[in-house]
Amino acid sequence: MRQHSEAAGEVLLERKGCAGIITLNRPKFLNTLTLHMIRQIYPQIKKWERDPTTRLIIIKGTGGKAFCAGGDVRVISEAAKAKQELPQYFFREEYMLNNAIASCQKPYIALIDGITMGGGVGVSVHGQFRVATEKSLFAMPETGIGLFPDVGGGYFLPRLQGKLGYFLGLTGFRLKGRDVYGAGIATHFVDSEKLGMLEEDLLGLKSPSKEHITEVLRTYHTESKIDRDKPFILAEHMDKINRCFSAKTVEEIIENLQQDGSPFALEQLEVIKKMSPTSLKITLRQLTEGASKTLQEVLTMEYRLSQRFMSYHDFHEGIRAVLIDKDQSPVWKPAALKEVTDEELDNYFKPLGSNDLIL
């Protein structure tokens with residue numbers, strides 16, 4: 001009984017004034033998403049969308065450390081190894097939620113205060129408004145756990161400036177604070193301590209149209225002085241990123257970084273060499289193909305990938321090395337890029353027949 005009531009409190013859904021408020025409430029686990037949470041949030045968003053008295057939706061996290069650090073991948077790995085159906089349901093319903101957020105007819109405001117990775121990006125980046133703070137920490141670190149930057153990463157990453165999204169998706173580079181706004185991931189930047197006031201002002205709007213919400217957010221954004229004059233952390237490296245990461249293969253990207261030889265390029269080279277070779281190759285193809293697909297097409301593609309990853313070695317090895325034993329020394333199979341064949345790659349992208357995700 002206690003376990004059930006704890007699960008019921010993992011996400012808080014409430015109405016305040018004319019707003020629907022979603023609060024991710026697993027602070028001990030950095031608000032990571034569970035299937036139970038997804039199954040509560042999705043129907044509630046659909047309900048609020050249909051309700052004429054709900055004029056906007058706000059999503060936030062509790063605990064002060066994280067907005068949402070991702071999906072509960074450790075549980076997913078355990079279930080996949082036990083041949084349980086959880087991974088099938090989890091990814092399907094998570095991507096349906098991502099799509100529902102993207103197509104939501106009501107203004108959707110994500111307060112990405114704290115760690116925002118993987119699944120946390122999925123429940124924020126597709127919304128109309130994304131508010132970063134000085135505590136924000138954004139990353140798509142999936143290639144380091146033998147996965148790929150999913151939750152629509154194949155859609156939003158290639159649409160960032162230049163080759164920035166390819167760089168972020170392949171290296172898992174972390175963006176902090178105002179840089180999350182500088183990268184184009186957040187739409188606004190607000191001081192963390194003012195989020196409560198911002199929420200009150202949004203709830204106090206008499207007729208919260210998109211324009212009125214934009215005006216309130218713009219006011220807070222303009223007033224924020226934190227790191228205002230600091231250039232975007234990757235600004236000085238964007239030429240290198242655009243040049244090195246425009247290659248058609250991961251091997252060429254590595255070659256470009258080696259030839260560049262700058263401290264920044266060599267640092268990224270070392271990072272990439274630690275990632276799963278299979279994940280790297282799949283991620284590059286996912287982003288390249290996703291650049292010309294709709295979000296729905298991307299999520300269908302990513303669902304195929306997610307299901308294939310569950311039955312291969314690298315994802316479970318990545319979870320072991322990073323989250324269970326924490327030795328940070330995964331043994332990837334295949335261990336080298338040249339051992340990942342085109343035939344194997346094609347297999348990951350094949351349709352799942354009647355199990356495909358159709359949005």
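Counting only lysines at least 8 places from Lys81 when in the same chain, those with an alpha carbon closer than 20 Å to its own are Lys326, Lys333. Taking amide H as placed 1.01 Å from N in the peptide plane, the amide H of Gly71 sits under 5 Å from that of Leu33, Gly119, Gly120, each at least 5 places away or on another chain.
Legend: residue pairs Lys274/Lys338; Lys65/Lys240; Lys47/Lys210, Cα-Cα distance threshold 22 Å; pairs beyond threshold, Lys65/Lys240. Distances between placed amide hydrogens fall under 5 Å for Ala66 paired with Ile115, all partners being 5 or more residues away or on another chain.
Show which aspartates and glutamates lie in cross-link reach of Lys230 when reach means a straight Cα distance below 12 angstrom and same-chain residues fewer than eight apart are skipped. Of all the aspartates and glutamates, those that pass the test against Lys230 - Cα under 12 Å, at least 8 places apart if same chain - are Asp179.
Share of region 129-186's accessible area from carbon and sulfur, percent, 1.4 Å? Kindly include the intermediate steps, with their values, before the conclusion.
Details: 660 of 1390 Å².
Answer for region 129-186 is 48 percent, counting heavy atoms of protein chains only.
Here's the list of lysines a cross-link from Lys293 could span, going by alpha-carbon distance under 23 Å and ignoring same-chain residues fewer than 8 apart: Lys163, Lys248, Lys281, Lys350.
Computed over protein heavy atoms with a 1.4 Å probe, the accessible surface of the chain works out to 44 Å² per residue.
Just to confirm a number: summing +1 for Lys and Arg and -1 for Asp and Glu over residues other than Leu160 whose beta-carbon lies under 14 angstrom from that of Leu160, what do you get?
Counting the neighbours of Leu160, the net charge comes to +2.
Here the 3J(HN,Hα) profile of region 187-193, calculated from phi with Karplus coefficients 6.51, -1.76 and 1.60 at θ = phi - 60°, is 8, 8, 10, 9, 4, 3, 5 Hz, Gly and Pro shown as x. A simple rule links phi to the HN-Hα coupling: the Karplus curve 6.51 cos²θ - 1.76 cosθ + 1.60 with θ = phi - 60°, which for region 336-342 gives 10, 4, 5, 8, 8, 7, 4 Hz, with x for Gly and Pro.
Toward the positive end of the charge dipole of region 11-355, with +1 on the Cβ of Lys and Arg and -1 on the Cβ of Asp and Glu, the farthest Cα among His221, Ser276, Ser329 is that of His221. Of all the options Lys293, Lys60, Lys248, the one that moves most in a Gaussian network model of the chain with Cα springs shorter than 10 angstrom is Lys248. Residues whose amide H comes within less than 5 Å of that of Val11, counting only those at least five positions distant or on another chain, are Asn25 (H built at 1.01 Å from N in the peptide plane).
When the accessible area of region 240-311 is computed with all protein chains present and a 1.4 Å probe, what percentage of it is carbon and sulfur?
Carbon and sulfur together cover 49 percent of it.
The values are calculated or read from the model by the stated rules, or taken from the named source; none is laboratory data. Computed from a predicted model, the values in this text were never measured in an experiment. As a convention, Cβ positions derive from the backbone with ideal geometry for all residues, glycine included, and neighbour counts pool all protein chains shown. To get the accessible areas, we keep the full protein, side chains included, count just its heavy atoms, and leave off ligands, DNA and RNA. Shrake-Rupley method; radii C 1.70, N 1.55, O 1.52, S 1.80 Å.
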